[in-house]
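Inspection log for the structure reproduced underneath, given as structure tokens.
The values are calculated or read from the model by the stated rules, or taken from the named source; none is laboratory data. Computed from a predicted model, the values in this text were never measured in an experiment. Please note: Cβ atoms are built from the backbone with ideal geometry, for glycine as well, and neighbour counts cover all protein chains shown.
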Amino acid sequence: MKTIQVILLFLIIVACSKENDDYKSIGTITGIDGTMCGCCGGWIIIIDDGRYLIDTIPDKSSIDLSKETFPLKVKLDWQVVNNECSFFGRITVLRIKKL
């Protein structure tokens, strides 16, 4: 009986510590947008045939855009920026991981 309890405890710990690997989208970061305007610029990412712009990615992502080779396939969670720049396709990356 004690062995079963230890195995169940181990399985619970493993299941709880596993990172949630379900992401909202798959995209491709194609490079930097050098356009100069108030809502332009940043990194270009293509998600489901749509073109979006991102300024930064979360620090804990282990991706350094200044050192990557493009195009870079990623999976990510994101949301549209809720301000005057949303018209330009500006998004905020909540979570991102290389494919």
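Brief remarks on what is shown
- Number of residues in the stretch 42-57 that are out of contact with any Gly (no Cβ under 9 Å at 6 or more places or on another chain), surrounded by 11 or more Cβ atoms within 10 Å (Cβ to Cβ) and within 17 Å of Ile26 (Cβ to Cβ) equals 1.
- Annotation for the stretch 79-88: no member residue is modelled with pLDDT of 95 or more, crowded, with 18+ Cβ neighbours inside 10 Å and touching a strand residue (DSSP E or B) at 6+ places or on another chain (Cβ under 7 Å).
- Each residue in the stretch 66-78 was checked for being touching a Leu at 6+ places or on another chain (Cβ under 9 Å), surrounded by 14 or more Cβ atoms within 10 Å (Cβ to Cβ) and more than 15 Å from Thr92 (Cβ to Cβ), and 2 of them qualify.
- The residue that is farthest from Lys98 (Cα to Cα), counting only those in the stretch 48-58 that are under 11 Å from the mean Cα position of the chain (by Cα) and of a type outside the set (Ser, Thr, Tyr), is Ile54.
- Taken over the stretch 60-95, the criterion of being more than 10 Å from the chain's Cα centre (by Cα), of a type in the set (S, T, N, Q) and more than 15 Å from Asp33 (Cβ to Cβ) is satisfied by Ser62, Thr69, Gln79, Asn82, Asn83, Ser86.
- Count of residues meeting criterion [part of a helix (DSSP H, G or I), without any contact (Cβ under 8 Å) to a residue 40 or more places away in the chain and among the hydrophobic types (A, V, I, L, M, F, W, C)] in the stretch 43-99: 1
- Looking only at the stretch 1-41, and only at residues there that are modelled with pLDDT of 80 or more and loosely packed, with under 11 Cβ neighbours inside 10 Å, the one that is nearest to Lys97 (Cα to Cα): Asp22
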